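S.K.: There's a structure below that I have some questions on.
The values are calculated or read from the model by the stated rules, or taken from the named source; none is laboratory data. Worth saying up front: this structure is predicted, and the values here are computed from it rather than measured. Glycine gets a Cβ as well: all are built from the backbone with ideal geometry, and neighbour counts include every protein chain shown.
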Amino acid sequence: MLVLLALITTPFSLLQQEYRSLHFSSLVADAHNDVLLRVMAGRDISTRSREGHSDLVRLNQGGVDVQVFSVWMSQEYGTGKGFRQANRMIDSLESIINRNPGKIALARGAREAEQIVASKKIAALIGVEGGHAIENSLDYLGQLHARGMRYMTLTWNNSTPWATSAKDETERPDSLPHKGLTEFGKQIVRRMNELGVMVDLSHVGEQTFYDALAVTSKPVILSHSSVYALAPHFRNLKDDQIRAVAKNGGVMCINFYAGFLDSAYEGKAAAVRTGKARLVDSVKTLYTDADHADQIIDSLLAGELNAVRPPLSILIDHVDYVVRLVGDDYVGLGSDFDGVSALPKEMDDVTFLPNITRELKNRGYSDVSIRKILGGNFMRVFAASAP
Ligand SMILES: [Zn+2]
């Protein structure tokens with residue numbers, strides 16, 4: 001009887017230890033985290049917080065070794081404002097690094113990132129989200145690179161004068177002055193290649209996507225994008241685009257936002273809010289700031305909204321889809337933690353990251369494959385971006 005019990009229980013507990021030791025011995029890279037926005041709003045991420053999805057303590061608990069900190073600003077930061085705002089956000093990352101020298105350091109290259117990780121610190125990378133940050137200036141592009149920018153997302157949801165976004169190409173194709181990359185846009189991509197700034201094609205329209213691939217001499221990155229075939233949304237990648245990323249040798253880092261993983265999610269969440277119309281209306285009367293009101297509403301409806309979150313398996317389905325389509329060399333993680341309003345179940349914040357390793361193991365993925373997905377593929381593209 002004892003022998004039988006041992007046979008039944010040992011494999012399970014061994015598997016528990018196995019996935020955790022695999023996860024924590026792998027180089028884990030997350031290509032997109034928006035926590036700098038919270039830092040700009042006054043949150044201290046040096047200590048553990050109950051707010052949001054990440055801080056330095058929880059990044060460690062989730063096993064994150066290489067973290068790209070997104071420098072994002074809305075389209076309101078246009079000419080005369082975008083570049084200054086990007087610099088302010090980089091200042092905020094630098095102050096975190098200066099105050100926590102034993103925990104985190106800026107990585108300017110893949111080798112340096114590996115050295116930082118070997119010294120048991122988080123390697124911080126700077127990714128600028130939205131070409132409007134350079135205000136149509138190659139000089140500003142160079143200056144942000146000098147401060148440490150190692151990828152730039154060519155557009156956010158707004159188009160720039162030189163590149164059209166997925167949102168604009170989808171929602172207002174007829175009113176765009178041009179579609180895709182202009183000649184200046186192509187010059188920017190070439191300059192990024194020369195400097196060693198990865199070309200990030202998340203958020204860009206299909207025309208911009210293919211125009212950039214035709215010009216770039218280096219592998220591209222999709223810092224936070226999921227699969228269109230599983231969740232049709234203009235932010236997600238169609239099969240032909242995924243094949244094109246593989247042909248280019250790039251990496252597509254899956255976005256964890258519930259609405260990009262499961263196209264039913266936003267409708268279900270809206271139905272929860274509609275069902276509580278009186279509560280929603282009274283909060284909106286009390287709080288005139290729309291974003292603040294939405295946050296309060298969502299926290300009051302947390303229980304109901306939690307019930308309609310997609311399961312973790314859907315996130316794994318997106319990873320698995322890319323692997324089945326083009327192999328295991330072209331997919332990674334781009335959580336969008338602290339930038340999204342809803343995550344799948346069992347992925348409440350960054351400390352839940354080892355669950356991905358567990359699920360991939362449960363689906364029969366080899367350790368070699370899992371290490372590529374967790375960070376190896378991202379690091380390959382980062383290393384290849386060096387001038
Ligand atoms: Zn984004």
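S.K.: Could you run through region 101-142 and say how many residues are free of Cβ contacts under 8 Å to residues at least 24 places away in the same chain and farther than 19 Å from LYS186 by Cα?
M.R.: Residues in region 101-142 being free of Cβ contacts under 8 Å to residues at least 24 places away in the same chain and farther than 19 Å from LYS186 by Cα: 10 in total.
S.K.: Can you tell me which residue is farthest from the chain's Cα centre (by Cα) among those in region 20-39 that are more than 16 Å from the ligand (Cβ to nearest atom) and surrounded by fewer than 21 Cβ atoms within 10 Å (Cβ to Cβ)?
M.R.: SER21
S.K.: Now for a separate question. Exactly one of these conditions fails for MET198: (1) within 18 Å of SER70 (Cβ to Cβ); (2) free of Cβ contacts under 8 Å to residues at least 60 places away in the same chain. Give me its number.
M.R.: Among (1) within 18 Å of SER70 (Cβ to Cβ); (2) free of Cβ contacts under 8 Å to residues at least 60 places away in the same chain, MET198 violates only (2).
S.K.: Give the residues of region 145-184 that are under 18 Å from ASP34 (Cα atoms) and buried (at least 24 other Cβ atoms within 10 Å of the Cβ), sorted by residue number. Please lay out each step first, then the result.
M.R.: Start the filter on region 145-184 by keeping residues that are under 18 Å from ASP34 (Cα atoms), which leaves 148-158.
Scanning region 145-184 gives MET149, ARG150, TYR151, MET152, THR153, LEU154, THR155.
S.K.: Which residues, taken from region 79-108, are assigned to a helix (DSSP H, G or I) and touching a Lys or Arg at 6+ places or on another chain (Cβ under 6 Å)?
M.R.: ILE90
S.K.: Another one. Quick test for you: out of VAL368, VAL331, pick the one residue that is surrounded by 22 or more Cβ atoms within 10 Å (Cβ to Cβ) and more than 16 Å from the ligand (Cβ to nearest atom).
M.R.: Criteria check complete, one pass: VAL331.
S.K.: I've got another one for you. Restrict the check to region 144-155 and report whether at least one residue is within 16 Å of the ligand (Cβ to nearest atom), under 18 Å from SER225 (Cβ atoms), polar (S, T, N, Q) and part of a loop (DSSP other than H, G, I, E, B).
M.R.: Checked against the condition, which is being within 16 Å of the ligand (Cβ to nearest atom), under 18 Å from SER225 (Cβ atoms), polar (S, T, N, Q) and part of a loop (DSSP other than H, G, I, E, B), region 144-155 yields at least one hit.
S.K.: Checking ILE296 against (1) among the β-branched types (Val, Ile, Thr); (2) crowded, with 18+ Cβ neighbours inside 10 Å; (3) in contact with a Leu (Cβ under 9 Å, 6 or more places away or on another chain), which single condition isn't satisfied?
M.R.: Result: ILE296 passes all but (2).
S.K.: Answer yes or no: is there a residue in region 71-86 that is at pLDDT 95 or above and hydroxyl-bearing (Ser, Thr, Tyr).
M.R.: Scanning region 71-86, I find no residue that is at pLDDT 95 or above and hydroxyl-bearing (Ser, Thr, Tyr), so the answer is no.
S.K.: A follow-up question, please. For region 277-387, please list each of the helices (runs of 4 or more DSSP H) lying entirely inside it that holds at least 1 residues being closer than 20 Å to TYR265 by Cα.
M.R.: Here the list reads 277-286, 290-300, 302-307, 312-326.
S.K.: Being assigned to a helix (DSSP H, G or I), among the charged types (D, E, K, R) and more than 20 Å from ILE254 (Cα to Cα) is the filter here, so list the residues in region 171-225 that pass it.
M.R.: GLU171, ASP174, GLU183, LYS186, ARG190, ARG191, GLU194, ASP211
S.K.: A further question on this structure: Just checking, how many residues over region 232-263 are in contact (Cβ under 8 Å) with a residue 40 or more places away in the chain and in a loop (DSSP other than H, G, I, E, B)?
M.R.: Qualifying residue count, region 232-263: 8.
A quick yes/no check of all residues on (1) touching a strand residue (DSSP E or B) at 6+ places or on another chain (Cβ under 7 Å); (2) farther than 18 Å from HIS233 by Cβ:
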site: ILE254; (1), (2): yes, no
site: TYR265; (1), (2): no, no
site: ARG273; (1), (2): no, yes
site: LEU286; (1), (2): no, yes
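S.K.: Within region 214-259, can you find the residues that are more than 16 Å from the ligand (Cβ to nearest atom), crowded, with 24+ Cβ neighbours inside 10 Å and not hydrophobic (A, V, I, L, M, F, W, C)?
M.R.: Selection gives GLY250 alone.
S.K.: Let me ask something else. Contact list please: Cβ distance under 8 Å, first residue in region 67-78 and assigned to a strand (DSSP E or B), second residue within 13 Å of the ligand (Cβ to nearest atom) and among the charged types (D, E, K, R), pairs at least six apart or on different chains.
M.R.: Short answer, once both residue conditions are applied: SER70/ASP34; SER70/GLU129; VAL71/GLU129; TRP72/ASP34; TRP72/GLU129.
S.K.: Can you name every residue in region 40-61 that is of a type in the set (S, T, N, Q), more than 16 Å from the ligand (Cβ to nearest atom) and in a loop (DSSP other than H, G, I, E, B)?
M.R.: Selection gives SER46, THR47, SER49.
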